[in-house]
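Trainee: Right, I'll just put the structure down here and ask away after.
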Amino acid sequence: MVVAWPRLSLLLLLWALPVAAQPADSVFASPRNSPLSWPRLLWTGLVHPLGMFTIYAERTELPRRALDWFTNAERTFGVFPYAQLGGETGSGGGVRSFHSNLFGQGIQFEGFYVFSRSNRHQLQARYRDPAIGGGPWQWELGGGFLRTDSEDATINGVAEESELFRLRLEQLDLRAALGWRHNAGSLEEYTRGFSLEASAGYGRRGLDQVEGLPLAGDAFYGLSRTLSLGWIGGRLAYDSRDYASPQTTLSHPLNYQFPGRILHREGEMYHSFRNLSYPEGGGLLLLGGELAWGEGDSRFVRLEAEAQRFFTLFWRERILALRARLDRVHALGSGKVPYADLPALGGSQRLRGYHRGSLRGEGALLLSAEYRYPIWDTWNAFLFWDEGQVFAEYGQVEPDRFRTAYGAGVVLRTSRALLLSLRVGHSAEEKALTGFSLEQEF
Amino acid sequence: MAALLLLLLLVNTALAAPLSTSPIRWHDPDNRDILLPAEIVENQVWDIADHTFFYQVGKVLDLGWSARRLGNLLHLAPPRQADNVNELDEAVSSSWYTNRHFLHPMSLEELAAGPGEAAPDTSGPWEIVAGKFEGGTAGFTVKDAQGVRFLLKFDSPGNRELGSAAEVIATKILHAAGYNVPRNSVVHFGPERFRIGAKATVPVPGGGKRPMTPEDLREILGKIDPGPDGRLRCVASRFLEERPAGIFDYHGRRGDDPNDRVDHEHRRELRGLRVIGSWMNDADRRAANTLDMYVEEGGRHYLKHYLIDMGSTFGSNNLMPHLPKYGNEYVWDPRSILRSLVSLGFYRKPWEEPLPMPYPSLGYFENQTFDPGRWVPTYPNPAFERCTKRDGYWGAKIVMSFGDEEIRAMVDAGEYSDPGASAELARLLAQRRDLIGRYWFGKVNPLDRFAFEDGALVFVDLAVAGKLEAGGQYQCRLLDGQGRQVGEAQVLETPRLPVDAGLGPGRYHGYELRTRRSGKEGWSKYTRVYFHKGTDGQLQLVRVEREE
């Protein structure tokens with residue numbers, strides 16, 4: 001049957017024309033809703049329950065009451081459920097807890113446990129006195145336990161490229177540290193300056209192969225056994241990221257009250273900061289070393305060195321961020337380095353564009369350049385260029401051996417905390433590797 | 001497909017009503033007796049989330065709106081005009097709005113008085129009935145010696161006069177513009193004036209409340225900056241005496257109010273409020289800051305619609321100065337975010353570098369980055385989004401109706417202690433007024449106040465009256481009742497057009513008027529004025545049409 005378009009159009013037009021609901025005495029009125037608005041009405045109906053719930057939540061202070069379920073009245077202690085998407089054990093759920101004022105002394109505790117599968121768990125805990133007696137000294141006890149055979153775990157990063165094998169790692173770390181900071185006190189969060197730390201620890205690593213052709217033990221020291229080891233070490237850092245000299249008066253308050261900027265008044269002085277995860281200037285220097293020894297032939301030194309520098313480019317908040325990082329383990333004498341302790345590159349922080357742990361060796365060198373620019377009050381976008389390589393000897397480090405990754409992303413944050421970083425990276429191995437992160441090293 | 005597109009474009013296109021000699025409608029009888037409607041709960045979070053996200057999606061799903069928007073972009077369909085304008089394209093008086101200063105000029109005293117004073121009686125103590133602790137500063141509900149209740153809101157620490165002055169001045173302006181607003185006044189008093197009422201409470205950590213103690217009161221008052229004489233300053237807002245029925249939204253209608261027949265987003269006074277809001281930088285003009293009152297008048301009960309909470313105006317964001325972006329983009333503005341994202345940071349927003357704030361009590365108020373056509377409040381307002389050039393013109397002529405002296409009279413009601421601050425705000429408002437006038441009068445031919453005098457059509461060129469233009473020429477074409485040109489164009493040097501005595505009686509006629517400014521090429525868009533010539537020769541204005 002052939003339908004005449006003009007006739008059909010006319011019928012549709014008559015059907016769809018809005019009809020004014022004009023009362024008899026000719027007062028003003030809008031036309032009634034035409035059928036063309038029905039999709040909107042349907043959408044409004046679908047959204048309505050959400051609106052009702054939001055209004056109910058606001059009126060009944062539901063967020064506060066929900067916090068009451070999981071935290072104490074002072075909000076210094078809390079236990080709440082925790083969900084993890086991806087990560088060392090893969091997606092899972094668990095519980096997270098914190099206390100920011102233990103014994104009323106400002107002593108802190110935080111920890112979480114995540115269960116992904118029977119063979120995949122993670123537990124971490126940290127107990128810290130950030131200012132012993134209110135002074136510049138601090139100490140902490142920490143520990144972590146990880147059991148994973150996830151193909152996405154760092155330990156399986158190299159395997160992911162070749163898909164030749166899969167390992168299961170069971171790792172325990174316990175650590176005690178004593179630290180000193182030059183800028184202890186209420187401003188420390190924003191201006192850290194010099195800090196020193198000495199630490200000692202104990203760990204166990206159990207490594208097994210769960211899939212693939214049998215691996216050579218030399219390249220995977222610690223495979224099919226459990227190694228215990230202890231270590232001592234220290235770390236020196238100088239952090240001047242985004243600290244401006246305090247002022248007695250403000251040239252323009254709004255220069256200091258932009259979203260994302262923190263204005264703090266103390267001692268008759270104004271201190272102005274940018275969120276530390278979006279510094280506009282300054283830098284970070286970090287040097288660390290550890291001596292580790294243990295069962296079997298485990299004897300090695302672990303070194304780390306990192307430099308970060310931030311420059312404001314042509315206009316405020318347009319930032320060039322540079323980073324160089326070296327991780328190195330040296331076997332001592334006839335000692336060996338457990339495979340699990342070898343530095344690795346790849347993942348959300350180091351050599352983006354490669355999967356987590358894709359490159360693993362006795363040394364790892366990373367160079368990063370990032371251009372950051374604001375897209376909203378406290379959000380920014382970034383373009384990054386990472387170069388990284390792993391090596392066995394320093395002499396192997398060559399410009400040609402660098403692996404390149406570049407890409408872009410956006411970072412959503414509040415003025416004080418990172419919420420989420422989303423990125424897409426490109427490398428020789430991955431055309432477009434997308435990822436997200438809830439942490440930021442750089 | 002083409003037929004469907006045509007259909008979509010045709011739908012909602014208003015059909016012009018025939019000309020009529022019925023009296024011009026100046027009143028919408030939306031005050032008929034109704035039953036008490038249910039109270040619509042005020043909400044902040046949903047108000048913002050809905051209008052920022054969900055309403056925006058729903059708008060696109062309205063196929064009529066989308067088709068018209070497409071038609072607007074392709075110049076195939078006109079914008080949807082307001083539903084409650086009369087034959088002269090004016091907003092009519094109603095439970096929402098009363099034509100005031102533009103049509104009926106108010107005296108300086110009337111402008112300064114606004115809706116009335118709100119000073120509590122000082123012959124006795126003020127009993128604290130309830131506390132207001134949300135937000136960054138304190139406030140109280142008090143009952144004065146006469147039993148009248150007031151809400152007292154204090155300026156935040158370090159921002160003395162900022163919010164209180166803005167609230168009172170904005171109240172005067174909105175009242176003069178024609179809106180229903182509560183009575184707000186600046187009051188000064190000693191802290192000993194307070195007496196803690198039996199029902200006054202303070203919140204306790206973790207939720208709940210406990211009775212207020214003198215220590216609590218001392219602590220609260222201790223956070224308020226006193227004046228040099230030790231007295232406290234606040235804005236007193238007299239409680240509306242009728243029964244509150246909750247907020248009104250800037251779109252849709254109340255289902256439980258039979259008088260509410262015009263979609264709020266299609267109300268002229270709400271659409272045009274965008275322009276008046278842009279004048280005052282009324283950044284927080286959203287549903288949460290409205291109030292419907294169930295009032296009684298002549299034995300009838302109906303809803304009267306108020307605008308409240310004017311503390312986020314001019315340079316004040318209530319508790320602190322406005323951020324420079326306020327007025328320039330929404331707090332969360334997807335278009336701005338996208339523009340920043342794709343421009344890789346090379347796009348520098350004009351307001352990124354704050355300008356000087358010479359008077360802290362004025363907060364952050366400037367005209368250098370002000371663009372009348374792009375001004376937005378902090379969150380999308382559906383009525384403002386629908387503001388057409390005609391709506392904008394309507395708002396602009398209200399703004400332009402305030403002379404410099406009248407502005408000063410209203411600004412003085414803010415009682416700034418520094419005369420320099422008062423003068424600066426008046427200067428900025430006058431300058432901003434002219435920016436608004438130039439913008440909107442450039443969009444619509446600003447000929448207005450049409451009337452017949454001694455057989456001639458006379459009118460006012462608002463751009464000339466507002467001293468925005470030195471003068472102009474006016475091109476006139478005679479039209480018949482169907483809008484067809486029936487005569488040669490003639491050019492006038494003054495806004496007075498003698499009506500052709502030979503026009504046929506008992507028929508409709510019209511003139512199409514265009515304006516050309518001194519030293520400029522080309523004629524403006526048209527304004528058409530239709531009239532009826534009676535058999536007795538009487539000329540009756542019946543319609544004004546404006547091209548946009």
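Trainee: Look through B:408, B:477 and report the one residue that is over 23 Å from the mean Cα position of the chain (by Cα) and surrounded by fewer than 21 Cβ atoms within 10 Å (Cβ to Cβ).
Mentor: Just one listed residue meets the conditions, B:477.
Trainee: Could you check, for segment A:289-298, whether at least one of its residues is under 27 Å from residue A:409 (Cβ atoms) and either touching a residue at least 12 places away in the same chain (Cβ under 8 Å) or not assigned by TED's automatic domain parsing to the domain that holds residue A:228 (or both)?
Mentor: Here is the first cut: in segment A:289-298, the ones under 27 Å from residue A:409 (Cβ atoms) are none.
No; the residues of segment A:289-298 include none that is under 27 Å from residue A:409 (Cβ atoms) and either touching a residue at least 12 places away in the same chain (Cβ under 8 Å) or not assigned by TED's automatic domain parsing to the domain that holds residue A:228 (or both).
Trainee: Which one of these does residue B:42 not meet: (1) in contact (Cβ under 8 Å) with a residue 60 or more places away in the chain; (2) facing another protein chain (nearest Cβ under 10 Å); (3) in a helix (DSSP H, G or I); (4) under 15 Å from residue B:250 (Cα atoms)?
Mentor: (3)
Trainee: From the set of residues in segment B:240-264 that are of a type outside the set (Lys, Arg) and more than 22 Å from the chain's Cα centre (by Cα), which is surrounded by the most Cβ atoms within 10 Å (Cβ to Cβ)?
Mentor: Only one residue fits best here, namely B:257.
Trainee: Go through segment A:216-247 and report how many residues are in a loop (DSSP other than H, G, I, E, B) and either surrounded by 17 or more Cβ atoms within 10 Å (Cβ to Cβ) or among the polar types (S, T, N, Q) (or both).
Mentor: Of the residues in that region, 8 qualify.
Trainee: Please name all residue pairs, on different chains or six or more residues apart, with Cβ atoms under 7 Å, provided the first residue is in segment B:251-262 and is away from every other protein chain (no Cβ under 12 Å) and closer than 17 Å to residue B:291 by Cβ and the second residue is of a type in the set (Asp, Glu) and crowded, with 19+ Cβ neighbours inside 10 Å.
Mentor: Filtered contacts from segment B:251-262: B:254/B:260.
Trainee: At least 2 residues that are among the small types (Gly, Ala, Ser) and more than 30 Å from residue B:527 (Cβ to Cβ) in each: list the strands (runs of 3 or more DSSP E) lying fully within segment B:80-195 that qualify.
Mentor: B:126-132
Trainee: Name the residues in segment B:451-469 that are of a type outside the set (D, E, K, R) and within 24 Å of the chain's Cα centre (by Cα), would you?
Mentor: B:460, B:462, B:463, B:464, B:465, B:466, B:468
Trainee: Need at least 3 residues that are in the same structural domain as residue A:155 (by TED's automatic domain parsing), at pLDDT 90 or above and touching a helix residue (DSSP H, G or I) at 6+ places or on another chain (Cβ under 8 Å) per element, so show me which strands (runs of 3 or more DSSP E) inside segment A:310-420 make the cut, counting only ones lying wholly within it.
Mentor: A:363-374, A:380-391
Trainee: Still on this structure, please answer the following. Does residue A:161 satisfy being over 21 Å from the mean Cα position of the chain (by Cα), modelled with pLDDT of 95 or more and of a type in the set (D, E, K, R)?
Mentor: no
Trainee: When you scan segment B:203-210, do you find a residue that is part of a loop (DSSP other than H, G, I, E, B) and touching a His at 6+ places or on another chain (Cβ under 6 Å), even just one?
Mentor: no
Trainee: Check A:46, A:50 and return the single one that is assigned to a helix (DSSP H, G or I), outside the structural domain of residue A:340 (by TED's automatic domain parsing), at pLDDT 95 or above and surrounded by 13 or more Cβ atoms within 10 Å (Cβ to Cβ).
Mentor: Residue meeting the stated conditions: A:50.
Trainee: How about segment B:293-334: which of its residues are within 25 Å of residue A:413 (Cα to Cα), over 17 Å from the mean Cα position of the chain (by Cα) and not in a loop (DSSP other than H, G, I, E, B)?
Mentor: Residues satisfying the conditions are B:321, B:329, B:334.
Trainee: Separate question: Which of the residues spanning segment A:78-111 are over 26 Å from residue A:434 (Cα atoms) and touching a Lys or Arg at 6+ places or on another chain (Cβ under 9 Å)?
Mentor: If the condition is that a residue be over 26 Å from residue A:434 (Cα atoms) and touching a Lys or Arg at 6+ places or on another chain (Cβ under 9 Å), then A:78, A:79, A:80, A:81, A:100, A:107, A:108, A:109, A:110, A:111 are the ones that fit.
Trainee: Give segment A:54-80 a look and list any residue that's more than 30 Å from residue A:102 (Cα to Cα) and either surrounded by 13 or more Cβ atoms within 10 Å (Cβ to Cβ) or more than 9 Å from chain B (Cβ to nearest Cβ) (or both), or say none. If you could, list the steps in order and put the result at the bottom.
Mentor: Of all residues in segment A:54-80, those more than 30 Å from residue A:102 (Cα to Cα) come to A:54-60.
Across segment A:54-80, the qualifying residues are A:54, A:55, A:56, A:57, A:58, A:60.
Trainee: Going through A:264, A:252 one at a time, which residue ends up being away from every other protein chain (no Cβ under 14 Å), modelled with pLDDT under 80, closer than 24 Å to residue B:353 by Cβ and surrounded by fewer than 17 Cβ atoms within 10 Å (Cβ to Cβ)?
Mentor: A:264
Trainee: Residue under question is residue B:391, and the condition is that it be surrounded by 19 or more Cβ atoms within 10 Å (Cβ to Cβ), charged (D, E, K, R) and away from chain A (no Cβ under 12 Å); does it hold?
Mentor: yes
Trainee: Regarding segment B:273-283, can at least one residue be identified that is over 27 Å from residue B:191 (Cβ atoms) and within 13 Å of another protein chain (Cβ to nearest Cβ)?
Mentor: no
Trainee: Just to be sure I understand, how many residues within segment A:219-249 are closer than 30 Å to residue B:355 by Cβ and in contact with a helix residue (DSSP H, G or I) (Cβ under 6 Å, 6 or more places away or on another chain)?
Mentor: Residues flagged as closer than 30 Å to residue B:355 by Cβ and in contact with a helix residue (DSSP H, G or I) (Cβ under 6 Å, 6 or more places away or on another chain) within segment A:219-249 amount to 0.
Let's see how each residue does on (1) within 26 Å of residue B:45 (Cα to Cα); (2) more than 10 Å from every other protein chain (Cβ to nearest Cβ):
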residue	(1), (2)
B:315	yes, yes
B:318	yes, yes
B:324	yes, no
B:328	yes, yes
B:338	yes, no
B:344	no, no
B:353	no, no
B:362	no, yes
B:366	no, yes
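Trainee: Have a look at B:433, B:477 and point out the one that is within 30 Å of residue B:357 (Cβ to Cβ), among the charged types (D, E, K, R) and touching a residue at least 24 places away in the same chain (Cβ under 8 Å).
Mentor: Working: B:477 fails: within 30 Å of residue B:357 (Cβ to Cβ).
Step by step, each of B:433, B:477 is checked, and only B:433 is within 30 Å of residue B:357 (Cβ to Cβ), among the charged types (D, E, K, R) and touching a residue at least 24 places away in the same chain (Cβ under 8 Å).
Trainee: Any idea which residue in segment B:213-228 is nearest to residue B:139 (Cα to Cα), counting only those that are loosely packed, with under 12 Cβ neighbours inside 10 Å and under 37 Å from the mean Cα position of the chain (by Cα)?
Mentor: Once the filter is applied, the top-ranked residue is B:222.
Trainee: Related question: State all residues of segment A:267-284 that are among the hydrophobic types (A, V, I, L, M, F, W, C) and at pLDDT below 80; if no residue qualifies, say none. Break it down into steps so the answer makes sense when it comes.
Mentor: To start, the set of residues in segment A:267-284 that are among the hydrophobic types (A, V, I, L, M, F, W, C) comprises A:269, A:273, A:276, A:284.
Result: A:273, A:276.
Trainee: Next question. Yes or no: residue A:299 over 30 Å from residue B:351 (Cβ atoms), in contact with a Ser or Thr (Cβ under 7 Å, 6 or more places away or on another chain) and of a type in the set (D, E, K, R)?
Mentor: For residue A:299, the condition - over 30 Å from residue B:351 (Cβ atoms), in contact with a Ser or Thr (Cβ under 7 Å, 6 or more places away or on another chain) and of a type in the set (D, E, K, R) - is not met.
Trainee: Could you look through segment A:120-138, keep only residues that are assigned to a strand (DSSP E or B) and more than 14 Å from residue A:174 (Cβ to Cβ), and pick out the one that is nearest to the chain's Cα centre (by Cα)?
Mentor: Only one residue fits best here, namely A:122.
Trainee: Of all residues in segment B:265-283, which are under 12 Å from the mean Cα position of the chain (by Cα) and either more than 25 Å from residue B:45 (Cα to Cα) or among the charged types (D, E, K, R) (or both)?
Mentor: Restricting attention to segment B:265-283, the residues satisfying the condition of being under 12 Å from the mean Cα position of the chain (by Cα) are B:267-283.
Correct list: B:267, B:268, B:269, B:271, B:272, B:274, B:275, B:276, B:279, B:282.
Trainee: Within segment B:82-89, is there a residue that is modelled with pLDDT of 90 or more, away from chain A (no Cβ under 11 Å) and touching a Lys or Arg at 6+ places or on another chain (Cβ under 7 Å)?
Mentor: yes
The values are calculated or read from the model by the stated rules, or taken from the named source; none is laboratory data. Note that the structure is predicted; figures quoted are calculated from it, not measured. Neighbour counts are summed over all protein chains in view; Cβ atoms, including those assigned to glycine, are modelled from backbone coordinates with ideal geometry.
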